[in-house]
Amino acid sequence: MVLTGFRGTGKSAVGRCLSFRLGLPLFETDRMIEEESGESIPAIFASRGEAHFRALERGVVAGLPADNCVVSTGGGAVLDPVNVAAIRRGSTVFLLTADPQTIEARTLGSNRPPLTTLPPREEVAALLAKRKNSYLAAADFCLDTTGRAPGESADALLSLLEGGVAGGDDTSGATAFLAQAAGTVSSRTGHLTRRYAVIGSPSRHSRGPALYTHLFAKYVLDATYTWVEWPDLARILTHLRHLDFRGISVTIPFKEGVVQAVDEPDDDVIAIGAANTVLFCCGTTYAFNTDWIGVREPLVHCKGGRAVVVGAGGAAAAAVYALLDLGMDVKVANRTYDRGEQLATRMGCRAIPLQGIGSSAPDVIVNATPVGMAPDTAVPFDTTILTPDMTVFDLVYTPPDTPLIRAARARGCRVIPGTEMFIHQARAQFRHFTGIDLSPDEMRGVI
């Protein structure tokens, strides 16, 4: 059991209670750092700075026992993906939270060094906001300790350990729905197993289940991942909440509709108007978009060029957002001109007819439609306009060698298959889901 969270949320006190009640040793990483260095944490910060403290922290985290213990570790530790990979391995991670006023009251008079120049309450609020996504990613479960004594918080965690999170009012209905709409879920699932899925209509073509099953095993995470294929987004979300799913990957046709169905879409989601990643944590539903990262990273060499995005859906919006971030002159070409114009106007660029791609002389063409994926195995535009100086990026990744990719390669274009987008968006999504950061090459090798 690993307890983490911001200072003042009760990690050490709750950890001591759990250690006593479970008869397991307690490892407090801050105390271990002081013992190993022979200095107090304030002295380490004063003499050698935070960077040195974090290096010591990484070493201590790497040396933690593999099992049969309770660990209390500072909230700063889980900002480092290397620490998260070590902490999460074979563990269940509990994020302890408290409101800023409680944190301020509990830490009043502490000798811990400030991390900003802000007054205490403002520092707490600023750091909680800055660290929020890292905290959410690193946690399996959350517990709000506001108004709870350490023993009460320990009781709540012990109850969760014994029985898991209680289901909603319609758990049986949700289970029946999952049996009808989802792929096979591992029979090893326990009450602490975190559950993930890709949702869409269709979704069973997704590589997500194979990818995540491999990664969960590699990093020794008690988690499963399946597909859920159903045409009604509201029903999917309702049932997955009842079954305490931890996170979902979102695919066609739900990327835009899911934005209105979550509690907290992040800034990228709001700007793009679409999400492909949803996280259920601490009683709140969060949405992120990693598709734009998947488009941006393979095209970083094209900064400042001219680009055409084919399509007008959620993936197209993410592509436009990525290309604008690279400083490119972007045009939107869609089969239905009016819909393409709506996207272009919203994103601050221009729309052109689908037949006008060639005359716009693009350096980059991004196909952000599902054309090329079975059963629609055509090409999304007239490929006779392609020239060898163009880069063609097809976001369709099943199959990896689409009709558009084959046509572009035959005309001498530089081609980027959809697997490259999948690699970079999946890497970012995996970090949202787990706090672990794979290198692009590692993710590429897995895929």
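The values are calculated or read from the model by the stated rules, or taken from the named source; none is laboratory data. Treat the numbers as computed from the prediction; the structure is a model and nothing was measured. Cβ placement follows ideal geometry from the backbone for every residue including glycine, while neighbour counts extend to all protein chains displayed.
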Going residue by residue through segment 337-352, is there one that turns out to be over 20 Å from F422 (Cβ atoms), at pLDDT below 95, in a loop (DSSP other than H, G, I, E, B) and not aromatic (F, W, Y)? no
Just name the residue that is nearest to R7 (Cα to Cα) out of those in segment 19-47 that are touching a residue at least 12 places away in the same chain (Cβ under 8 Å) and either of a type in the set (K, R) or outside any helix (DSSP H, G or I) (or both). E28
Conditions (1) more than 14 Å from the chain's Cα centre (by Cα); (2) more than 23 Å from S201 (Cβ to Cβ); number of the one not met by G257: (2)
I'd like to know if segment 50-59 contains one or more residues that are at pLDDT 90 or above, within 28 Å of K218 (Cβ to Cβ) and among the hydrophobic types (A, V, I, L, M, F, W, C). yes
Can you work out which of the residues in segment 296-310 that are among the β-branched types (V, I, T) and in a strand (DSSP E or B) is surrounded by the most Cβ atoms within 10 Å (Cβ to Cβ)? V309
Have a look at R431, R414 and point out the one that is within 19 Å of Y225 (Cα to Cα), in contact (Cβ under 8 Å) with a residue 24 or more places away in the chain and of a type in the set (K, R). R431
Does Y286 satisfy being surrounded by fewer than 24 Cβ atoms within 10 Å (Cβ to Cβ), of a type outside the set (G, A, S), modelled with pLDDT of 95 or more and within 30 Å of the chain's Cα centre (by Cα)? yes
Against the conditions (1) exposed (fewer than 15 other Cβ atoms within 10 Å of the Cβ); (2) over 27 Å from the mean Cα position of the chain (by Cα), where does F381 fall short? Just the number, please. (1)
Quickly run through segment 69-83 and pick out the residues that are more than 20 Å from L438 (Cα to Cα) and surrounded by 19 or more Cβ atoms within 10 Å (Cβ to Cβ). V70, V71, S72, T73, G74, G75
Looking only at segment 97-150, which residues are under 30 Å from R195 (Cβ atoms) and of a type in the set (S, T, N, Q)? T97, N133, S134, T145, T146
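Going by what's in this entry, would A274 be described as out of contact with any strand residue (DSSP E or B) (no Cβ under 6 Å at 6 or more places or on another chain), part of a loop (DSSP other than H, G, I, E, B), more than 22 Å from V84 (Cα to Cα) and of a type in the set (A, V, I, L, M)?
Here the answer is yes, as A274 does meet what is asked.
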For R246, work out the one condition from (1) under 15 Å from R195 (Cβ atoms); (2) out of contact with any Ser or Thr (no Cβ under 7 Å at 6 or more places or on another chain); (3) without any contact (Cβ under 8 Å) to a residue 60 or more places away in the chain it doesn't fulfil. (3)
Which is of a type outside the set (V, I, T), assigned to a helix (DSSP H, G or I) and either surrounded by fewer than 20 Cβ atoms within 10 Å (Cβ to Cβ) or not assigned by TED's automatic domain parsing to the domain that holds R194 (or both), of A66, A86? A86
Counted residues in segment 311-349 being surrounded by 16 or more Cβ atoms within 10 Å (Cβ to Cβ), touching a strand residue (DSSP E or B) at 6+ places or on another chain (Cβ under 8 Å) and not acidic (D, E) come to 19
In segment 246-259, is there at least one residue being surrounded by fewer than 22 Cβ atoms within 10 Å (Cβ to Cβ), of a type in the set (A, V, I, L, M, F, W, C) and closer than 16 Å to A428 by Cβ? no
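To keep it simple, each residue is scored yes or no on (1) farther than 18 Å from A137 by Cα; (2) not assigned by TED's automatic domain parsing to the domain that holds L178.
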residue	(1), (2)
H242	yes, no
F245	no, no
V250	no, no
P253	yes, no
D263	no, no
A275	no, no
F280	no, no
K303	yes, yes
Pick out the one residue from D363, D325 that is in contact (Cβ under 8 Å) with a residue 60 or more places away in the chain and more than 30 Å from R204 (Cα to Cα). D363
When you go through (1) touching a residue at least 60 places away in the same chain (Cβ under 8 Å); (2) of a type outside the set (A, V, I, L, M, F, W, C); (3) surrounded by fewer than 19 Cβ atoms within 10 Å (Cβ to Cβ) one by one for R58, which number turns out not to apply? (1)
Those residues that are in contact with a helix residue (DSSP H, G or I) (Cβ under 6 Å, 6 or more places away or on another chain) and either surrounded by fewer than 18 Cβ atoms within 10 Å (Cβ to Cβ) or among the β-branched types (V, I, T) (or both), I need them from segment 384-406; list them, please. I385, V392, V396, P400
Write out, first by first residue and then by second, each pair whose Cβ atoms fall under 7 Å of each other, whose residues are 6+ apart or on separate chains, and whose first residue, in segment 388-405, is more than 21 Å from G304 (Cα to Cα) and in the same structural domain as H301 (by TED's automatic domain parsing) while the second is among the acidic types (D, E) and surrounded by 16 or more Cβ atoms within 10 Å (Cβ to Cβ). T402/D394; L404/D394; I405/D394
